[in-house]
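Data first, discussion second: the structure below is written as structure tokens.
The values are calculated or read from the model by the stated rules, or taken from the named source; none is laboratory data. Everything quoted here is computed from the prediction, not taken from an experiment. For neighbour counting, all protein chains shown are included, and Cβ atoms are generated from backbone atoms with ideal geometry for every residue, glycine included. These area figures cover heavy atoms from the full protein model, side chains too; ligands, DNA and RNA do not enter into them. Shrake-Rupley method; radii C 1.70, N 1.55, O 1.52, S 1.80 Å.
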Amino acid sequence: MWFRVLSMVWLAGMLGFLGYHAYSYLRMRHRIRRSDNSVRQVEPGICEIDGGHLSFVMGLIHPVIYLSSGLDPESRKVVLCHERVHLQRRDYLFKPAALVICCVHWFNPLVHLIARFAQEDIEAACDDAVVRGHDGAYRRAYGETILRSAIAQAQKRKAL
């Protein structure tokens, strides 16, 4: 009897967790595919998105880089380089895999913590790969871009 109850609780938690993330993904996908010209393709595999402060890679089979349209040319260059490193390393495959693992183990905070640390390590490794072999001016521009992005994200969270 307890096994059935625990199995139902686990299944309900997993479906709730999966449902929330599926809804978030579909909402973002809908926003990207709207016909109000908030997203435009600038190159094959690269799109600019208006009103966003994030740049990211989305898609499993045909991943696309989405860049914030408000980036200055120097920031755009370093952010694009960062996102291309994610593509080369196939980091975009990690997030769905980690999400599936977190869905199955939704009740275990250590799994969520490990997934978060792994994501931070992926970002740090990507940052390292981007600046490796470049001079101090490029590294400074890259650091300033990351700092501006973090400030914009913090301000957006604070406004919500």
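Roughly how tilted is helix 2-33, in degrees to the nearest 10 and between 0 and 90, from the longest Cα axis of the chain?
Result, in degrees: 30.
Which residue, VAL131, LEU113, PRO44, has the largest displacement toward the positive end of the dipole of the chain when charges sit on each Cβ (Lys, Arg +1; Asp, Glu -1)?
Positive-most Cα among the choices belongs to LEU113.
Helix 109-131 against the longest principal axis of the chain: what's the angle in degrees, Cα atoms only, rounded to the nearest 10?
20
If you consider only alpha-carbon coordinates, what radius of gyration and Dmax does segment 117-159 have, in Å?
Every Cα atom of segment 117-159 included, Rg and Dmax give 12.4, 38 Å.
Treat every Asp and Glu Cβ in segment 1-107 as -1 and every Lys and Arg Cβ as +1, leave all other atoms uncharged, and give the resulting dipole magnitude about the Cα centre to the nearest 20 debye.
The calculation lands at about 360 debye.
Taking a 1.4 Å probe, which of TYR138, TYR20, TYR92 shows the most accessible area, and what order do the others take after it?
Largest accessible area first, the residues go TYR20, TYR92, TYR138.
Among GLN41, GLN88, GLN119, which one shows the highest mean-square fluctuation when the chain is modelled as a Gaussian network with alpha-carbon springs under 10 Å?
Answer for the Gaussian network model of the chain: GLN88.
In the chain, what percentage of the DSSP-assigned beta bridges are antiparallel, given to the nearest 5?
Among the beta bridges of the chain, antiparallel pairing accounts for roughly 65 percent.
What's the extension gain from MET14 to ARG148 if we count 0.36 nm per residue and subtract their Cα-Cα distance?
Extra length available between MET14 and ARG148 comes to 44.6 nm.
Quick check on packing: order 145-158, 72-85, 99-112 by the mean number of other C-beta atoms within 10 Å, highest mean leading.
Highest-to-lowest ranking by the protection proxy: 72-85, 99-112, 145-158.
Specify the angular offset, from 0 to 90 degrees and rounded to the nearest 10, of the alpha carbon long axis of helix 136-159 from the longest principal axis of the alpha carbons in the chain.
50
Using the beta-carbon distance between ARG33 and ALA137 and R0 = 35 Å, what value does 1/(1 + (r/R0)^6) give for FRET efficiency, to the nearest 0.05?
0.35
What are the semi-axes of the equivalent ellipsoid for segment 9-71, taken as the square roots of 5 times the Cα gyration tensor eigenvalues, largest first, in whole Å?
Value: 28, 12, 10 Å, ordered largest first.
With runs of 4+ DSSP H residues as the only contributors, calculate the mean residue ellipticity of the chain at 222 nm using -39,500 (n - 2.57) per run, divided by the residue total and rounded to the nearest 500. Each step should come with its number before you reach the end.
On the way: 5 runs with 107 residues, N = 160.
About -23000 deg cm²/dmol.
Suppose we keep just the alpha-carbon trace of segment 57-117; what are its Rg and Dmax in angstrom?
Looking at segment 57-117, its Cα Rg and Dmax stand at 14.7, 44 Å.
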